[in-house]
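First up is the structure itself, then whatever we jot down about it.
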Amino acid sequence: QVQLVESGGGLVQPGGSLRLSCACSGLTFRYYDMTWYRQTPGKERELVATITPGGSTTYADSVKARFTISRDNAKNMVFLQMNSLKPEDTAVYYCNTKAGPFDYWGKGTLVTVSS
């Protein structure tokens, strides 16, 4: 059974930083793209960043140059380093991977950016 467990969310002031982690089990992690999404109430889930098995990355325009996605294939983990946080980054952040026809999600971790 595939499980994704996010951690690292919390309350941070504008301009601050947070590092999110996602622990993955139940599949051969190193073979799959890993993606972070985020969602705020009343809005659709938004893709934030993706990393391929080889380490290639893509980002939403809204987070480029502020967020960095990375992975540790030995530990089956993916990370999202978030710097220069803005109030509009406030959301529940979800870890995701797709394996064939299946789409796996964690339960999310809440990030609140507020003074």
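Under 5 Å from the amide H of GLY16 lie the amide H atoms of LEU85, each residue being 5 or more positions distant or on a separate chain, with H modelled from the backbone and absent for Pro and chain starts. Straight-line reach from LYS75: taking Cα to Cα under 17 Å and skipping same-chain neighbours fewer than 8 places apart, the aspartates and glutamates in range are GLU6, ASP33.
For the chain, CYS24 have no disulfide-compatible partner, since no other Cys C-beta lies under 4.7 Å from theirs.
Shown for the range 35-115: the carbon plus sulfur share of the solvent-accessible area, taken with all protein chains present and a 1.4 angstrom probe, equals 52%. Think of the chain as having a plus end and a minus end, set by charges on the Cβ of Lys, Arg, Asp and Glu; of TYR94, SER25, SER114, SER25 sits farthest toward the positive end of this dipole. Mind listing the long-range amide H neighbours of GLY106? Cut-off is under 5 Å, sequence gap 5 or more, other chains count too, H placed in the peptide plane at 1.01 Å from N. Residues meeting the amide H criterion: CYS95.
With a simple spin-label model that places each label point 7 Å from the Cα along the Cα-to-Cβ direction, the separation between GLN13 and ALA65 comes to 2.4 nm. Among TRP105, TRP36, the order of accessible area from largest down is TRP105, TRP36, computed with a 1.4 Å probe on protein heavy atoms.
About the centre of its Cα atoms, the chain shows a dipole size close to 160 debye [charges on the beta carbon of Lys, Arg (+1) and Asp, Glu (-1) only; nearest 20 debye]. In summary, the aspartates and glutamates within cross-link reach of LYS64, defined as a Cα separation below 13 angstrom excluding same-chain residues under 8 places away, comprise ASP89. Mean silhouette area of the chain, derived from the convex hull of its C-alpha atoms and averaged over all directions, reads 6.9 nm².
Here the Karplus curve 6.51 cos²θ - 1.76 cosθ + 1.60, taken at θ = phi - 60°, turns the phi angles of the range 68-78 into couplings of 9, 9, 8, 9, 10, 5, 6, 9, 6, 9, 10 Hz, with x standing for Gly and Pro.
The values are calculated or read from the model by the stated rules, or taken from the named source; none is laboratory data. Computed from a predicted model, the values in this text were never measured in an experiment. Every residue, glycine as well, gets a Cβ built from its backbone with ideal geometry; the counts of neighbours run over all protein chains shown. With ligands, DNA and RNA removed, areas are computed over all heavy atoms of the protein, side chains included. Shrake-Rupley method; radii C 1.70, N 1.55, O 1.52, S 1.80 Å.
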